[in-house]
Amino acid sequence: MSLAKFVDALPLPSVIKPVGFRNGIPYFEVSMLQVKQKLHRDLPPTTVWGYNGTYPGPTFEARRNQPILVKWMNKLPFEHLLPVDRTIEGAEPNQPSVRTVVHLHGGRVRPENDGFPDAWFTRDFENIGPKFLHEVYYYPNCQRPAPLWYHDHALGITRLNVYAGLAGLYFIRDSHEESLNLPSGKFEIPLVIQDRSFFPNGELFYPSQPDPVPPPTPEVPFFPNPSIVPEFFGDTILVNGKVWPYLEVEPRKYRFRIYNGSNARFYTIRLSSDQEFVQIGSEGGLFEHPVLTNEIILAPAERADVIVDFSKHKGERIILTNSANAPFPDGTPPTPDLAQIMEFRVKTHLSHSDHSVIPNNLSCFERLDPGLAVTTRKNTLNEDTDRFGRLLLLLNHMEFRDLPITETPANGTVEIWELYNQTIDTHPIHLHLVQFQILDRATFTGNPLDPNNPNNPLIIGTRVPPKDNEKGWKDTVRANPGEVTRIIARFGPFTGIYPWHCHILEHEDHDMMRPYEVLQNHDFDPCIPIPGVCPDDSFTQCCHEDQEHCGCKEDHDQDESSSDHGHHHHHDESSSD
Ligand code: C2O
Ligand code: CU
Ligand code: CU
């Protein structure tokens with residue numbers, strides 16, 4: 001189906017307000033609802049699942065070191081909007097069709113509030129998953145300002161729940177970032193890029209089987225229906241929930257918070273004016289210095305914080321373009337339709353003059369020293385086949401529920417993780433809890449798990465450092481085929497079990513996700529500052545964030561009313577150490 005481009009204005013998600021306070025902490029309620037939403041001028045309204053009934057969901061505006069509480073509620077129908085494959089781990093026939101759990105992606109959050117895939121719940125909490133602990137989630141926000149997002153994470157159906165619309169934005173801010181005088185207010189705009197396909201009646205299309213369906217074999221006489229597909233690429237591109245929208249801009253600087261919220265599609269973005277993006281940050285927050293680039297690659301879950309200056313383009317129409325192959329990097333080039341994302345229409349006049357700046361020093365930044373690492377872990381990304389002969393993607397040749405948990409960093413320690421990609425595609429690897437840095441990438445041959453095999457020794461090529469716009473804090477990294485990608489992180493400040501996984505959602509569901517466990521470390525006190533760590537990143541700002549403070553143990557008591565504003569004490573977030 002072909003839809004006219006640039007006929008709908010870019011929508012901006014609304015900002016959510018707390019419904020009250022608990023123990024002085026802002027308390028929010030969010031209901032997941034099935035609603036009809038207009039996604040394009042010429043499409044009938046589409047049935048979507050939205051947080052508080054909107055797709056994307058409402059935006060959270062959080063302040064550094066000011067915790068919030070959120071009660072996520074499932075008010076969805078009992079039957080799924082999209083085809084559920086019952087042969088996938090976690091989605092077996094005895095499991096409810098519609099299960100949800102919310103993850104704050106990029107957040108430094110305790111495991112019990114992180115949205116573990118097995119911590120799902122159904123409508124009105126009637127059924128709960130084996131790891132479900134409580135209804136209200138506590139987000140301490142004890143981390144540097146950053147573009148986070150929240151989305152569904154239920155085991156075995158994440159791809160369907162997110163595709164149905166369950167995703168929204170969550171910004172952490174602080175007074176230092178505000179003092180930089182970056183473009184703000186109506187000149188700071190989030191752009192959530194997602195691909196979708198539609199039936200002519202406007203409903204979301206998601207395949208119920210691969211196309212073509214593999215022919216029957218003696219081993220697999222009946223191919224599952226519905227069946228997961230290796231990955232799904234839609235034929236239209238949406239930004240903030242509209243198909244190919246336009247945005248009217250003034251001839252001045254804008255700050256765009258760009259997210260790839262797609263299931264599987266990568267984007268290599270450019271501006272048709274061939275002007276440069278001034279990239280100022282990535283997933284984990286601001287860079288040390290701005291980086292000029294005319295091209296940015298965004299895998300699913302990657303984010304770019306950019307400044308675009310339209311002042312020399314009065315009256316022009318500028319297209320945000322895409323040139324990424326699907327699958328990435330060696331698949332099919334985008335069709336002319338998929339090579340366009342949205343249009344900027346630059347007005348000829350300013351509403352008032354542009355006093356915003358792009359400072360050369362954006363933030364305090366600690367480059368993690370590989371010499372600090374206490375462990376280097378070899379991790380592999382592998383292709384296998386499941387019992388139906390389907391592609392099964394794995395980390396370290398293990399499925400999500402396979403035991404033991406093999407990645408077990410001690411709290412407060414620095415580790416290097418090597419990601420050996422033995423598949424033919426790039427996989428965006430995401431770790432919960434931490435922000436990390438990319439050390440380098442290198443080609444390799446041989447088997448990383450049998451490095452000294454005389455017939456097939458592991459040989460590593462030249463280690464190439466990342467491009468400047470990949471040198472900031474990241475929570476998702478592109479691990480390219482045939483390469484070993486090395487990342488470094490300080491694990492903590494919380495202990496417990498967190499997922500790490502490929503963020504191509506079809507891969508995450510089948511079964512490219514593993515738990516890792518941050519172990520207790522009696523030699524580490526999160527309340528003692530670590531030398532060299534910037535205040536914005538310090539674990540000390542999280543050291544008192546224990547469960548007693550969060551009031552989330554008792555879910556059903558003391559709903560303080562919103563007339564309680566006066567009791568809300570604001571922490572001083574400008575001095576954390
Ligand atoms: Cu954005 Cu574990 O996910
Ligand atoms: Cu995450
Ligand atoms: Cu993958």
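Of the residues making up segment 170-212, those that are surrounded by fewer than 15 Cβ atoms within 10 Å (Cβ to Cβ) and either closer than 25 Å to residue 59 by Cβ or modelled with pLDDT under 95 (or both) number 9. When residue 115 is tested against (1) away from ligand 1 (no atom under 15 Å from the Cβ); (2) without any contact (Cβ under 8 Å) to a residue 40 or more places away in the chain; (3) open to solvent by less than 10 Å² (accessible area, probe 1.4 Å); (4) not charged (D, E, K, R), just one condition goes unmet, and that condition is (1).
Please tell me if residue 421 is of a type in the set (S, T, N, Q) and either within 30 Å of residue 543 (Cβ to Cβ) or surrounded by fewer than 20 Cβ atoms within 10 Å (Cβ to Cβ) (or both). Spelling it out, it is not the case that residue 421 is of a type in the set (S, T, N, Q) and either within 30 Å of residue 543 (Cβ to Cβ) or surrounded by fewer than 20 Cβ atoms within 10 Å (Cβ to Cβ) (or both). Note on segment 340-357: residues that are surrounded by fewer than 17 Cβ atoms within 10 Å (Cβ to Cβ) and aliphatic (A, V, I, L, M) amount to 2.
Restricting attention to segment 491-544 and to residues that are of a type in the set (Gly, Ala, Ser) and open to solvent by less than 20 Å² (accessible area, probe 1.4 Å), the residue that is farthest from ligand 3 (Cβ to nearest atom) turns out to be 538. One residue alone among 436, 388 is of a type in the set (Phe, Trp, Tyr) and either surrounded by fewer than 19 Cβ atoms within 10 Å (Cβ to Cβ) or farther than 30 Å from residue 145 by Cα (or both), and that residue is 388. Take residue 37 and decide whether it is in contact with a strand residue (DSSP E or B) (Cβ under 6 Å, 6 or more places away or on another chain) and surrounded by 15 or more Cβ atoms within 10 Å (Cβ to Cβ). In short, yes.
Restricting attention to segment 266-321, the residues that are charged (D, E, K, R), surrounded by fewer than 21 Cβ atoms within 10 Å (Cβ to Cβ) and in a loop (DSSP other than H, G, I, E, B) total 6.
Yes/no per residue for (1) under 29 Å from residue 103 (Cα atoms); (2) within 16 Å of ligand 2 (Cβ to nearest atom):
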{"position": "416", "(1), (2)": "yes, no"}
{"position": "428", "(1), (2)": "yes, yes"}
{"position": "433", "(1), (2)": "yes, yes"}
{"position": "436", "(1), (2)": "yes, yes"}
{"position": "463", "(1), (2)": "no, no"}
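Every residue, every condition in (1) open to solvent by 30 Å² or more (accessible area, probe 1.4 Å); (2) more than 16 Å from ligand 3 (Cβ to nearest atom), yes or no:
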{"site": "70", "(1), (2)": "no, yes"}
{"site": "80", "(1), (2)": "no, yes"}
{"site": "88", "(1), (2)": "no, no"}
{"site": "91", "(1), (2)": "no, yes"}
{"site": "95", "(1), (2)": "yes, yes"}
{"site": "98", "(1), (2)": "no, yes"}
{"site": "103", "(1), (2)": "no, yes"}
{"site": "107", "(1), (2)": "no, yes"}
{"site": "111", "(1), (2)": "no, yes"}
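So for segment 132-145 (the condition being within 12 Å of ligand 1 (Cβ to nearest atom), open to solvent by less than 10 Å² (accessible area, probe 1.4 Å), out of contact with any Cys (no Cβ under 9 Å at 6 or more places or on another chain) and not charged (D, E, K, R)), does at least one residue qualify? Scanning segment 132-145, I find no residue that is within 12 Å of ligand 1 (Cβ to nearest atom), open to solvent by less than 10 Å² (accessible area, probe 1.4 Å), out of contact with any Cys (no Cβ under 9 Å at 6 or more places or on another chain) and not charged (D, E, K, R), so the answer is no. Looking at segment 528-541, I want the residues that are part of a loop (DSSP other than H, G, I, E, B) and have a partner that is open to solvent by 50 Å² or more (accessible area, probe 1.4 Å) and of a type in the set (D, E, K, R) with Cβ atoms under 7 Å, at least 6 apart or on another chain. Which pairs are those? Here the result reads 529/577; 538/577, each pair linking segment 528-541 to a residue that is open to solvent by 50 Å² or more (accessible area, probe 1.4 Å) and of a type in the set (D, E, K, R).
Comparison of 155, 160 shows that the only residue that is assigned to a helix (DSSP H, G or I) and either within 14 Å of ligand 1 (Cβ to nearest atom) or not acidic (Asp, Glu) (or both) is 160.
Candidates in segment 40-68 are the residues that are assigned to a strand (DSSP E or B) and not hydrophobic (A, V, I, L, M, F, W, C); of these, the one that is surrounded by the most Cβ atoms within 10 Å (Cβ to Cβ) is 51.
Can you pull out the strands (runs of 3 or more DSSP E) entirely within segment 337-434 that have at least 2 residues that are within 15 Å of ligand 3 (Cβ to nearest atom)? Quick ask: steps written out before the conclusion?
On the way: elements: 340-346, 375-385, 391-395, 414-421, 427-431.
Ranges flagged: 375-385, 391-395, 414-421, 427-431.
The values are calculated or read from the model by the stated rules, or taken from the named source; none is laboratory data. Every value quoted in this text rests on a predicted model; they were computed, and no experiment measured them. Cβ atoms come from the backbone with ideal geometry, glycine included; neighbour counts cover every protein chain shown. Calculation scope for accessible area: heavy atoms of the full protein, side chains included, ligands and nucleic acids excluded. Shrake-Rupley method; radii C 1.70, N 1.55, O 1.52, S 1.80 Å.
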